[in-house]
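The values are calculated or read from the model by the stated rules, or taken from the named source; none is laboratory data. Predicted, not measured: the structure shown is a model, and the values here were computed from it. Counting neighbours? That spans all protein chains shown, and the Cβs are built from the backbone with ideal geometry, glycine included.
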């Protein structure tokens, strides 16, 4: 039996998950969907960031206790540089550091975490999973903004092109993969990820063609505390009338908006969907925005045959499906009943299963 540690940085904490796995080459070669049956979570916990740095002692104790063959790290942003899962090394670190201008909130803490892991001896193999990788090759018309100015020259080296990304690519990619492995006929999928910042993606033949998120996770659907798509002029209005600086505006849009602002309470998507009339306004807005995003994806794909749900609030997906899917299907030229798919797996499990499958393929190839 081997062990794997999955690290998911979340704000001021790192959630960790210890998985044990015993790959069965013969069974998995016959049926790749069986991989998850030999990959099970053993222990979970949190490690807290300490100020600007990260204590290495807790990580050292964790690695020493479980002696993992590998550590997988989920990173929110990989830009144009990282279009697939990546084995970590010094060259990767330098590329990551160059992306800090594009993602100043997420890349610097990730770099500190990886440097800390490097100092732990012996260091297990480190694999990086990027949420943006699934969307790196979005069609040009989907990823391009109609804005002027030479932004790379203005901001300096390292910014690259300002473009749209998706930020739940691990969920969307895994969902499309599971549907394919189960032999379900689904060429045009509406993938709805119910995370604190929800996201809709249109997936054609396994490849994303549209996504509701943008250059940052703020664009798109309203979330637990995030505003979602707004008129950019609102930001200038806040700066002019309120005299707010960038930090205050970012705090308001990312932590004091969304469903929490509409209800006046610290709520989640799940609370709003299954709530009573107290949350009716927020629920109506969420469903309306979901319909708009799904409609845009349907238009780009030229139709749809499957609606699939994933994310940590999957428990309310059936309720949402009952309310929005009939409207989506009824809007077709000929009303029909699309297939529904609900993926219950957590983010850490998806990463662990992906690692186990890739390791098994390597062993079979060898």
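Here is a yes/no grid of residues against (1) modelled with pLDDT of 95 or more; (2) out of contact with any helix residue (DSSP H, G or I) (no Cβ under 8 Å at 6 or more places or on another chain); (3) surrounded by 13 or more Cβ atoms within 10 Å (Cβ to Cβ); (4) assigned by TED's automatic domain parsing to the domain that holds residue 277:
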position	(1), (2), (3), (4)
198	yes, no, yes, yes
208	yes, no, yes, yes
211	yes, no, yes, yes
217	no, yes, yes, yes
223	yes, no, yes, yes
226	yes, no, yes, yes
241	no, yes, no, yes
262	yes, no, yes, yes
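Can you tell me which residue among 346, 257 is closer than 30 Å to residue 42 by Cβ, out of contact with any strand residue (DSSP E or B) (no Cβ under 6 Å at 6 or more places or on another chain) and free of Cβ contacts under 8 Å to residues at least 60 places away in the same chain?
Numbers: 257 fails: closer than 30 Å to residue 42 by Cβ.
Result of the check over 346, 257: 346.
Listed residues 151, 140; which is surrounded by fewer than 16 Cβ atoms within 10 Å (Cβ to Cβ), within 25 Å of residue 210 (Cα to Cα) and at pLDDT 80 or above? Talk me through it step by step, then tell me what you get.
On the way: 151 fails: at pLDDT 80 or above.
Step by step, each of 151, 140 is checked, and only 140 is surrounded by fewer than 16 Cβ atoms within 10 Å (Cβ to Cβ), within 25 Å of residue 210 (Cα to Cα) and at pLDDT 80 or above.
Quickly run through the range 272-295 and pick out the residues that are farther than 14 Å from residue 321 by Cα, in contact with a helix residue (DSSP H, G or I) (Cβ under 8 Å, 6 or more places away or on another chain) and buried (at least 19 other Cβ atoms within 10 Å of the Cβ). Matches in the range 272-295: 272, 279, 282.
The number of residues in the range 1-54 that are modelled with pLDDT under 90, over 22 Å from residue 88 (Cα atoms), assigned to a strand (DSSP E or B) and in contact with a helix residue (DSSP H, G or I) (Cβ under 9 Å, 6 or more places away or on another chain) comes to 2. Residues of the range 330-346 that are modelled with pLDDT of 90 or more and surrounded by 12 or more Cβ atoms within 10 Å (Cβ to Cβ): 338, 339, 340, 341, 342, 343, 345, 346. Is it the case that some residue within the range 94-107 is modelled with pLDDT under 90, loosely packed, with under 14 Cβ neighbours inside 10 Å and outside the structural domain of residue 214 (by TED's automatic domain parsing)? Within the range 94-107, one or more residues are modelled with pLDDT under 90, loosely packed, with under 14 Cβ neighbours inside 10 Å and outside the structural domain of residue 214 (by TED's automatic domain parsing).
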